[in-house]
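The values are calculated or read from the model by the stated rules, or taken from the named source; none is laboratory data. Because the structure is a prediction, the values reported are computed rather than measured. Here the Cβ positions follow ideal geometry from the backbone for every residue, glycine too, while neighbour counts run over all protein chains shown.
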Amino acid sequence: MIRRFTAVIATALMALVVVLGTSTMASAHSDTFQSVPANDAVVSTPVVELQFTFVEAVAQEFAPEVSLVNADGAVAELGAPTFDVTGATMTVPVVAGALPNGSYTASYRIVSQDGHPASGSIAFTVEGSDADPLSEAVPAEEEAVVTEADEELMVTSSGAEGDNGQLQLALGLGAAGAVALAAVLVIVALRRRRNSSGN
């Protein structure tokens, strides 16, 4: 009888471990994505838009932010992002119609449907374009203000995400402790009953 109850408790503990592990995997978020142009690509065809395909669908109620600058700091004007039916592929048009020659860095910041903020950038080079050069670079002071605001938002989001992870861990440990305590109480009760029967 004791062996049977011990096996049941062990099975319950294993199930709890599996559930906690699955929950942790589900809460994790990968920022990996594919892009057109691809990162580090050298493009000889006209670049009229940027395209990002994320692992998870984007929460479109939070307006995505995308910027595109060349090596001199000149900004390329971009249109409003649009999404395909999956919500995971974001397309951003180039307002001028095509990019001129040069090296570019495209940066993005989005929020996925699970509430996880994600940001990143790609770099690529355009060759053989006959488009007009970009306008002058954005003043350094304005860039600094935007960067500081972005960093503050990401720190706040990361802090909230860390609190959620600690709460999940605490709940998991509490549940595991409760199961272990129940197992000990059952085993002690069975031993007492067996001893009483023997007497």
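List of remarks:
- All of (1) out of contact with any Leu (no Cβ under 7 Å at 6 or more places or on another chain); (2) within 30 Å of residue 130 (Cα to Cα); (3) surrounded by 13 or more Cβ atoms within 10 Å (Cβ to Cβ); (4) polar (S, T, N, Q) hold for residue 45 with one exception: (3).
- Qualifying residue in region 32-55 (condition: charged (D, E, K, R) and modelled with pLDDT under 95): no
- Given (1) touching a residue at least 12 places away in the same chain (Cβ under 8 Å); (2) out of contact with any Lys or Arg (no Cβ under 8 Å at 6 or more places or on another chain), number of the condition residue 117 does not satisfy: (2)
- For region 77-100, residues that are part of a loop (DSSP other than H, G, I, E, B) and surrounded by 15 or more Cβ atoms within 10 Å (Cβ to Cβ) total 7.
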